[in-house]
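Below: one structure, written as structure tokens.
No lab work stands behind these numbers, since they all come straight from the coordinates. Remember, it's a predicted structure, so these values are computed and weren't measured experimentally. Here the Cβ is made from the backbone with ideal geometry for all residues, glycine too, and neighbour counts use every protein chain on show.
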């Protein structure tokens, strides 16, 4: 749990402890605590305005927390005189000067950290911008700027990487490339922390999730556990004998909701697994033509949980 | 470097060994930023030529008027039009070095790379001061040489070794870095492009014109401004004791030159350390 392991070693975790940020009367981040571990991709989810970016900025020491603390590898990030070898971050792809070339932009950053000029060419090659290296950033597409932001994060070969909405503006090929990059960085043993509001992206990329709403922690668990939280899980049965089947299943303890139209009726069943439903239908000689187990998508789980949090918060402020 | 990294054999995480944090790396970094902007060489060349050109025009106009003593004619090398414009441009460019980072958000990228914010600001100040000292020196020596070239044909030239030449030359060379640093400090305090430009024009150019030298307090305020200090330092004749106005002292004017940029940079360093980025 702590950033310090055995003597002389450092575990590259991001630790957020009771972190709070208030802007006047507005509380952007409210006593947030979570841990991001190495070797995994951890997704940071929340609706717009949930406080994700504010949290990332506090972890990076750009903003002073009103309360609580955040550490990276056991120490506050601001304590490092130079940062690129400790944490690589892409906060906003627009945070560049459009008048500079990609090479000049990265060279200035590399030089400030005593990183060689050769490394600049390496990362530009790695993110696929080698051909655009000497073009001015002002002419880059958003996707290219995102790649440049990733190059910035990789510059110091850091053990901890943080990306804020990295796939914004990327084309499908770019999204796929980024997903592979995140997986690879995690496989190399790095700590990868990734904010997004795109649930589908997390489903394909992340191992762990930290979900927040209105600045508060909603969940911190594996992607699988999170998806299983959704109450939408159930089985859909298509049958012409809807009334009989409903009676049988209800008697067996399931809850049944009719779906679909008359003549091609479907039942949404929760509380019984598909194999039990099939067995009961067979016993009672009820014919069904469809039997589908519905797996909850991350999207649904997310919507449900954040909606709860919003209602809860609104009630609290009153 | 990391137990975790070495435990997972495939990793290269954290493989770049960290060298000591050196201030001169920050200077080099800020210099890359400055020279990589296309507008930098253009602006610097144009303002230098403008200042030298204005010295040529002023000298020719004065030469046509005729019979001044030679020492007074050295004053023609440093005309107000040229150097007020230099104040404007140096102040604005100094401000832009930080304002452009704030308006684009680049300051956040910079701060993640170098969490020691005060050191970044100091490096910016050193690079700005050095760059504008070079520009100011080129403009000032150029002004003097072109003015002398015109006057020499009129038997009114003075050599660069003349006692009344050195002080105006140095004061004019240092005017640019002084103003650039004031602009930089204001840029850090205000972070907003238009607001910073207006404030630096007001503080450096407009403020001194609001105060006359006819009474003590008003003259004191005026003499505490940069452009009034420059005006005094390039003035090669002693004030007339019978004059009704107050004249600034030379040491006082040098102190104004030192204090404005010092206070501006000190404020900038303190503010960036304590303010959210």
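Computed with the Debye formula from one identical point scatterer per Cα of chain A, without solvent, the log10 of I(q)/I(0) at q = 0.12 Å⁻¹ comes to -0.86.
Test of understanding: ordering A:207, B:76 by Cβ neighbours within 10 Å, fewest first, what list do you get?
Details: A:207 17, B:76 24.
Ascending Cβ contact count within 10 Å gives the list A:207, B:76.
Its DSSP H runs of at least 4 residues, each contributing -39,500 (n - 2.57), put the calculated 222 nm mean residue ellipticity of chain A at -10500 deg cm²/dmol, to the nearest 500. Connecting C-alpha atoms closer than 10 Å in a GNM of chain B, tell me which of B:212, B:92, B:243 has the biggest fluctuation. Largest GNM mean-square fluctuation: B:243. Dividing the mean sequence gap of close Cα pairs (under 8 Å, 6+ apart) by how many residues chain A holds gives a relative contact order of 19 percent. Counting neighbouring Cβ atoms within 10 Å and putting the fewest first, the residues B:93, A:303 line up as A:303, B:93.
Relative to the dominant Cα principal axis of chain A, helix A:142-154 is inclined by about 70°. Rounded to 0.05, the FRET efficiency of the residue A:173 and residue A:283 pair, given R0 = 56 Å and the Cβ-Cβ distance, is 0.60. When chain A is treated as a GNM, springs tying every alpha-carbon pair under 10 Å, which of A:55, A:42, A:250 comes out with the largest mean-square fluctuation? Checking each option, the largest mean-square fluctuation is seen for A:250.
Per residue, how big is the convex hull around the C-alpha atoms of the stretch B:104-203? Give it to me in cubic angstrom, could you? All intermediate terms of the calculation are to be shown ahead of the outcome.
On the way: hull volume 12.9 nm³, N = 100.
Per-residue hull volume (Cα only) is 129 Å³.
With angles folded into 0 to 90 degrees, how steeply does helix A:117-126 sit against the dominant principal axis of chain A? Use alpha carbons for both and round to 10. The angle comes out near 20 degrees.
The three principal axes of the Cα atoms in the protein assembly as shown give end-to-end lengths of 125, 54, 49 Å, sorted in falling order. A P(r) calculated from all alpha carbon pairs of the stretch B:163-244, with 5 Å bins opening at zero, reads 3, 14, 19, 21, 18, 14, 7, 4, 2, 0 percent. When chain B is treated as a GNM with alpha-carbon contacts under 10 Å, the residue of B:122, B:186, B:106 showing the greatest mean-square fluctuation is B:106. Counting neighbouring Cβ atoms within 10 Å and putting the fewest first, the residues B:257, A:23 line up as A:23, B:257. Taking the C-alpha atoms only, the angle from helix A:172-187 to the longest principal axis of chain A is near 80 degrees. Here the convex hull built on the C-alpha positions of chain B has a volume of 158 cubic angstrom per residue.
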